[in-house]
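Structure first, commentary second.
The values are calculated or read from the model by the stated rules, or taken from the named source; none is laboratory data. As the structure is a prediction and not an experimental result, all values here were calculated from the model. In this analysis, Cβ positions are derived from the backbone assuming ideal geometry, glycine residues included, and neighbour counts consider all displayed protein chains.
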Amino acid sequence: MMMKTDSTSLRQLDQDHHFHPFTDLRDYASHGGRIVNRAEHIYIYDTDGNRMLDGMSGLWCCNLGYSQHQIVEAIYQQLQQLPFYNNFFRCSNQPAVELARALVEVTPESFNHVFFTNSGSEANDTNIRLVHRYYDLLGKPEKKLFISRKNAYHGSTIAASSLGGMSAMHQQVRGLDYVHHIGQPHWFAEGGELSPEEFGIKVARELEAKIDELGEDRVAAFIAEPIQGAGGVIVPPDSYWPEIQRICDQRDILLIADEVICGFGRTGSWFGSDSYQIKPQLMTFAKAITNGYFPLGGVMISDQIADVLLAHGGEFTHGLTYSGHPAACAAGLATLRTLQETNIIQTAADTIGPHFQRRLRELEDHPIVGEVRGRGMFAAVELVRDKRSRERLAPDSASAVYCRDRANSNGLMVRQTGDAMITAPPLISSTAEIDSLVEKLHQALDETA
Ligand code: PLP
C-alpha cells in the first residue's frame, strides 16, 4: 500500500492510529497535532514548514541541541560493528564498558558502578530492587518503605509512578503500598507567611515526621529530584537540601537523587547533586546522557551499596534485554566526550545560564506573572490571577494552556505544568536565541492577559 506522506495526510493518519503519551486521546483524535520531521541546532521543523525554537530541549534531553553529528556517527559506527548483543550470560560490549568507566569519572567519587536501563522509569524501578536487595543482604528485610514527594515525577511504569507524586497517575492505577509521600518545597504556592528559608526547613522536616510515623527501622530510602522538574521546576530554598541530608544521615535512610532532568549540565553543574552538595547513595539518570538521540537510562550505585551486593553471592534478579545496548552506550560515550571536550557545562554556567535567568526574571513585571524561578538552564514562569495576593490560576487552567498554545503558535516550544510555563533550552543556545525565547514568551503572556 502506498502511504500518502503530505502533511495533511500524515496528521490525519496520526489522529487515526497513534495514541500519544500524556495526551487527551479523544481531543487528539479530533484535533491532531504537529508532525516534527527535522531539527537543527536548537530549532525543530514541522511538516507544515514551521520553524520552532525548542525551549524544552526535546523533553529535557537535547542539552547539546540537534546537530551533534559525532553522536550520530558514533551510533551509526556502532550499529555497523555490533548492532546488538545482550549483557546477560557473562557478556559485555566495548561501549558499555567504556561508558561505565566514563560515568564513574564524571559522577561524585562515591560512585563506581552503574546498572544500565533504557529509560528513567526503568532506572527508578531498578532503584527499588537494589534497595530491597541491599537491606535483605544486610539482614534488615523489614526496611522496605520509600518516601517520596508530592508532585514528583519519577516515571511512568507502575513502580516509578508510585514513587512519583502525580495524583492523576495514582488515580489511574493505585500505587505500591510501600511508597509514602511528603510535601514539596514549593515556597511560592505553599510558603504562606514564612520566609523561603523557614519554609525549606519546615518541608524538609516533614521527612523526619514521616520517618517517625512509619518507623526508622522500616523506612529504606527517600527519593527526590534535586530540582523537581515536570512538577513545575520547583527550586528548593537553600535551607532545604542540607536539612534533608542531615535527616537521611542521622536516621540511616538512603538518599536517591533522581537526576533524569538535572543531570548532565541542566542546573549549572554536572549533576543537581553537585549543585546542592547532596551525597546520594543512588543516582538515576537518562535523557541527556545520549543527548536524547538514543534511549538509555541507568542507576549509579555508590560503594556503600555496591560493596554489600558484591560481598554476597546470589543473583541480582533484574535486567532488561537492552540493558547496556551497544549503540545506546556509544551514544552516551560520544555525548560525555562532547560535554568534556567542549567544557559546555562550565561555559553555560558562566555565561548563557545567568543570561537566561536574568532575562526571564524581567517577566516578573508582567501583570499575570507571579514568580519566575529557575537555576542554570531551566526555569518556570508561574502565572497568577492576582499578583499581590499570589492567588493562583486553577490547576491546568485554560489560561495557562492558552499561554502555552500562543507560545507554540509564535514559534516557541515551551511546556505548561499547572499554572506554570516551563522552559529548559539547550545549553548551546546563544544570547540572541535566549533573547528571542524571552520575547516570544512575553508575547504569549501579553496575548493571554
Ligand atoms: N525521572 C524524572 C525526574 C523525569 O523527569 C523522568 C521523565 O521525564 C523520568 C524519571 C522518567 O524517565 P523516562 O521517561 O525516560 O522513563
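Of note:
- Residue within segment 68-79 that is farther than 30 Å from residue 440 by Cα, within 20 Å of the chain's Cα centre (by Cα) and either away from the ligand (no atom under 16 Å from the Cβ) or not aliphatic (A, V, I, L, M) (or both) present: no
- Any hit, segment 276-295, residues being buried (at least 19 other Cβ atoms within 10 Å of the Cβ) and in contact with a Lys or Arg (Cβ under 8 Å, 6 or more places away or on another chain): yes
- Enumeration of residues in segment 365-397 that are modelled with pLDDT under 90, more than 21 Å from residue 230 (Cα to Cα) and surrounded by fewer than 15 Cβ atoms within 10 Å (Cβ to Cβ): 386, 388, 389, 391
- Test: residue in segment 33-40 that is at positive phi, touching a helix residue (DSSP H, G or I) at 6+ places or on another chain (Cβ under 9 Å) and in the same structural domain as residue 417 (by TED's automatic domain parsing): no
- Residue check, residue 251 basic (Lys, Arg), surrounded by 24 or more Cβ atoms within 10 Å (Cβ to Cβ) and at pLDDT 95 or above: no
- Condition check for residue 232: within 16 Å of the ligand (Cβ to nearest atom) and either touching a strand residue (DSSP E or B) at 6+ places or on another chain (Cβ under 8 Å) or under 30 Å from residue 343 (Cβ atoms) (or both): yes
- Residues of segment 255-266 satisfying the condition of being in a loop (DSSP other than H, G, I, E, B), among the hydrophobic types (A, V, I, L, M, F, W, C) and near the ligand (Cβ under 10 Å from one of its atoms): 260, 261, 262
- Of residues in segment 146-165 being out of contact with any Ser or Thr (no Cβ under 9 Å at 6 or more places or on another chain) and crowded, with 19+ Cβ neighbours inside 10 Å, the one nearest to residue 127 (Cα to Cα): 147
- Evaluation of residue 63 against (1) loosely packed, with under 14 Cβ neighbours inside 10 Å; (2) within 21 Å of the chain's Cα centre (by Cα); (3) at negative phi (one fails), failing number: (1)
- Helices (runs of 4 or more DSSP H) wholly inside segment 109-179 containing at least 1 residues that are within 10 Å of the ligand (Cβ to nearest atom): 120-137, 158-163
- Any chance residue 404 is within 21 Å of the chain's Cα centre (by Cα), assigned by TED's automatic domain parsing to the domain that holds residue 54, under 22 Å from residue 23 (Cα atoms) and among the charged types (D, E, K, R): yes
- Qualifying residue in segment 212-222 (condition: surrounded by 15 or more Cβ atoms within 10 Å (Cβ to Cβ), without any contact (Cβ under 8 Å) to a residue 60 or more places away in the chain, assigned to a loop (DSSP other than H, G, I, E, B) and not aromatic (Phe, Trp, Tyr)): no
Each row is one residue, and each column tells you yes or no for (1) part of a strand (DSSP E or B); (2) free of Cβ contacts under 8 Å to residues at least 12 places away in the same chain; (3) closer than 18 Å to residue 110 by Cα.
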{"site": "230", "(1), (2), (3)": "no, no, no"}
{"site": "237", "(1), (2), (3)": "no, no, no"}
{"site": "244", "(1), (2), (3)": "no, no, no"}
{"site": "250", "(1), (2), (3)": "no, yes, no"}
{"site": "268", "(1), (2), (3)": "no, no, no"}
{"site": "279", "(1), (2), (3)": "no, no, yes"}
{"site": "306", "(1), (2), (3)": "no, no, yes"}
{"site": "309", "(1), (2), (3)": "no, no, yes"}
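- Matching residues, segment 44-89, being part of a helix (DSSP H, G or I) and touching a Lys or Arg at 6+ places or on another chain (Cβ under 6 Å): 60
- Looking across 294, 264, one residue alone is at positive phi and out of contact with any Gly (no Cβ under 7 Å at 6 or more places or on another chain). It is 264.
- The requirement of being surrounded by fewer than 22 Cβ atoms within 10 Å (Cβ to Cβ) and modelled with pLDDT under 95 is not satisfied by residue 362.
- Residues in segment 32-59 that are under 17 Å from residue 6 (Cα atoms) and not charged (D, E, K, R): 32, 33, 35, 36, 37, 45, 47, 49, 50.
- Evaluation of residue 313 against the conditions (1) modelled with pLDDT of 95 or more; (2) farther than 11 Å from residue 116 by Cβ shows that the sole unmet condition is (1).
- Test result for residue 107, under 20 Å from the mean Cα position of the chain (by Cα) and surrounded by 13 or more Cβ atoms within 10 Å (Cβ to Cβ): yes
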